[in-house]
Ligand SMILES: Cc1cc2nc3c(=O)[nH]c(=O)nc-3n(C[C@H](O)[C@H](O)[C@H](O)COP(=O)(O)O)c2cc1C
């Protein structure tokens, strides 16, 4: 898939077929794409925890109240960053790369909030993450349960583009 096609076709999917597994090399390729994201001063402050264990996925789904569907996913990538000045921007850039790589691989995905959420600490403890890291995001990955999903609408380009001044 071409980059712009992946960008435009990616949508958040929240219903997954639970009994599907994603090959390890595909999961690795998604994290590989994430690590090429730009970072402030090239700090690359991130670490990626790839969760495929069903028991752990269920626990994360239970903890992340706005990401219950993680329990049904094939995998979830938790993106952590060291607490640098631009950790959030850096971690978000990596998250978007990962989502686009997932789309490119034909996988359904959803960004689930991590940063500032009350469940950050519980997830860090579950995944044995050292104190100095912050949870930026959780990326749910798997096979969409429905072929046709509700496609979220996007504001029109003409409404938001400004040339030379606002
Ligand atoms: C920072 C951020 C946090 C998000 N957190 C959640 C979340 O916790 N749970 C969820 O179901 N979707 C979450 N989303 C997905 C958004 O709801 C989704 O991107 C938005 O509705 C637009 O839909 P689209 O992704 O299909 O374009 C998050 C997205 C972003 C960028």
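Here, each number is a calculation from the coordinates, and none is a lab measurement. Remember, predicted model here, so these are calculated numbers, not experimental data. All Cβ positions, glycine included, derive from the backbone under ideal geometry; neighbour counts span all protein chains shown.
Observations on the structure shown:
- Ordering 119, 86 by the number of other Cβ atoms within 10 Å of each residue's own Cβ, fewest first, gives 86, 119.
- Residues 85, 4, arranged from fewest to most other Cβ atoms within 10 angstrom of their Cβ, appear as 4, 85.
- Estimated [θ] at 222 nm from DSSP helical runs (n ≥ 4, -39500 (n - 2.57)) normalised by residues in the chain, nearest 500: -10000 deg cm²/dmol
- Expected-Rg normalisation [2.2 N^0.38 Å, Cα atoms] applied to the chain: 1.05
- Normalised by residue count, segment 5-58 yields a Cα convex hull volume of 139 Å³ per residue.
- Whole-number percent relative contact order across the chain, with pairs defined as alpha carbons under 8 Å at least 6 apart: 31
- The equivalent ellipsoid that matches the C-alpha gyration tensor of segment 69-166 spans semi-axes of 27, 22, 11 angstrom, in descending order.
- Comparing 11, 35, 155 in a Gaussian network model of the chain where C-alpha atoms under 10 Å apart are linked, the largest mean-square fluctuation is found at 155.
- Fraction of the pair-distance distribution of segment 1-99 above 19 Å, Cα-Cα pairs, percent: 50
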